[in-house]
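Below is the structure I would like to discuss, written out as structure tokens.
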Amino acid sequence: MNSLDDFDKDLLNEIQQQFPLDVRPYHKLASVLNAKPELVMSRIKALKESGIIRQLSAIFDTRKLGYKSSLVAMEVDPDRLVEVADTINRHPGVSHNYERNHKLNLWFTIAVPPKQSIQDEVNRFSKLEGVKATRMLPTLRMFKIGVKLDMNEKKKREVRPSEIKKEIRQEPFRGTEEDKVFIRELQKDLPVIERPFLEMAENLKMSEDDVFSQLKNYEEIGVMRRYAAILRHRDAGFLANGMIVWEVPDELIEDIGAQLGSFPQVSHCYQRPAYPDWPYTVFSMIHCRTRDEASDIARIIQSHIGIKQYRILFSEREFKKSRVEYFV
């Protein structure tokens, strides 16, 4: 992280927002950043090799593709935590798995294809030795999703509700076999070559224009959230992965969720079910360099939204962090 210069940080900020869907995307980036294409390409290669850029590809909406998913929280005997986490990680639909600083100490996300039962999979995990309690926390309402780590500390965004929610065309998506082939290609890491989308088009037996047209359509109907770079948080210097959970009265959830989603520092925001031992209904994620910074941001957000009861759960250990691979 210390070796990144200002150009690296500006480049990373740019490609997290939206990678150019262009015949020569690295040339397009170079013109935006007032740099030579060769420099942009060499830096992206280096950032991939260093592990900071995890992947450069399409980012899909799990539910639009027909997959079912849920966040799951478990109370696990500390002596069995690593063993239980390792077993859960073997499931191909488990993409994130963390130890968090709470009695419910193991938190993971799981997604399954349309014909599988997510409850059956979680029930199997619940029977593992050392698991004391399980709480299914599926998304009831999604207010925001999109991790964009602000790399440039000199130009930090003010903590205030300033983002406008992106509008999508409400249109059902019934993926054909051709769509599945296209999506399998889109989720591959984009190579750093002059015309990377040409290689994709040739694999799909399409023209580049047809690829861009399909990408644009997917984005307009919400199948693809965006085409962008995904960073490895910790390698990028963001060590405080904080899940802020809010105890919000039912009648205020929609308004509070919308407010939280408009903060640029919030990467994810969802309504999830409450339990007698878990009264929190709105979940928001922030990614910071330190826990003190995360706590400060949470306090500022709280002063804006006026919800008094909240807490931050930090990830103590990362057991798994990957992406769901669709239709493989």
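The values are calculated or read from the model by the stated rules, or taken from the named source; none is laboratory data. Because the structure is predicted, anything quoted here is derived from the model rather than measured. Virtual Cβ from ideal backbone geometry, glycine too; neighbours counted across all protein chains shown. Surface accessibility is based on the protein's heavy atoms, side chains included, excluding ligands, DNA and RNA. Shrake-Rupley method; radii C 1.70, N 1.55, O 1.52, S 1.80 Å.
Counting only residues 5 or more places away or on other chains, whose amide H sits under 5 Å from the amide H of residue 280 once H atoms are built in the peptide plane?
It is 275, by chain and number.
Now for a different question. Of 67, 197, 229, whose Cα points farthest to the positive end of the dipole of the chain (charges on the beta-carbon: +1 Lys, Arg; -1 Asp, Glu; origin at the Cα centre)?
With unit charges placed on the Cβ atoms, the residue in question is 67.
Here is a further query. How big is the charge dipole of the range 1-75 about its Cα centre, in debye rounded to the nearest 20, if each Lys and Arg gets +1 on its Cβ and each Asp and Glu gets -1 on its Cβ?
360
Additional query: Going 7 Å from the Cα of residue 198 in the Cα-to-Cβ direction, what parts of the range 10-35 have a backbone nitrogen less than 12 Å from that spot?
Residues passing the 12 Å test: 23-25.
Express the accessible area of the chain per residue in Å², computed with a 1.4 Å probe while the remaining protein chains stay in the model.
49
What's the FRET efficiency of residue 165 with residue 32 using the Cβ-Cβ distance as r and R₀ = 25 Å, to the nearest 0.05? Please list the in-between numbers first.
Working: r = 24 Å, r/R0 = 0.96.
Approximately 0.55, to the nearest 0.05.
Hey, how many Å between the Cα centroid of the range 50-89 and the Cα centroid of the range 215-285?
15
Between residue 24 and residue 292, what is the spin-label point distance in nm, taking each point 7 Å from the Cα along the Cα→C-beta axis?
4.8
Still on this structure, I have one more. State, to one decimal in nm, how far the label point of residue 210 lies from the label point of residue 311, with both points 7 Å from Cα in the Cβ direction.
Distance between label points: 5.5 nm.
Moving on. Tell me, in nm to one decimal, what length is gained between residue 250 and residue 318 on full extension, where the rule is 0.36 nm per residue of separation less the Cα-Cα distance?
Stretched fully, the residue 250-residue 318 segment lengthens by 21.3 nm.
Carbon and sulfur: what percent of the chain's accessible surface (1.4 Å probe)?
Answer for the chain: carbon and sulfur cover 48 percent of the accessible area.
Kindly rank 55-61, 257-263 from highest to lowest mean number of other beta carbons found within 10 Å of each residue.
Sorting 55-61, 257-263 by mean packing, highest first, produces 257-263, 55-61.
Taking the range 268-319, how much of its Cα-Cα pair set, in percent, is spaced more than 13 angstrom apart?
Result: 66 percent of Cα pairs exceed 13 Å.
In whole Å, how far is the Cα centre of the range 113-169 from that of the range 18-35?
The distance from the Cα centre of the range 113-169 to that of the range 18-35 comes to 30 Å.
I would also like to ask the following. P(r) of the range 201-283 in 5 Å steps, Cα pairs, percent per bin?
3, 11, 14, 14, 14, 13, 12, 9, 5, 4, 1, 0
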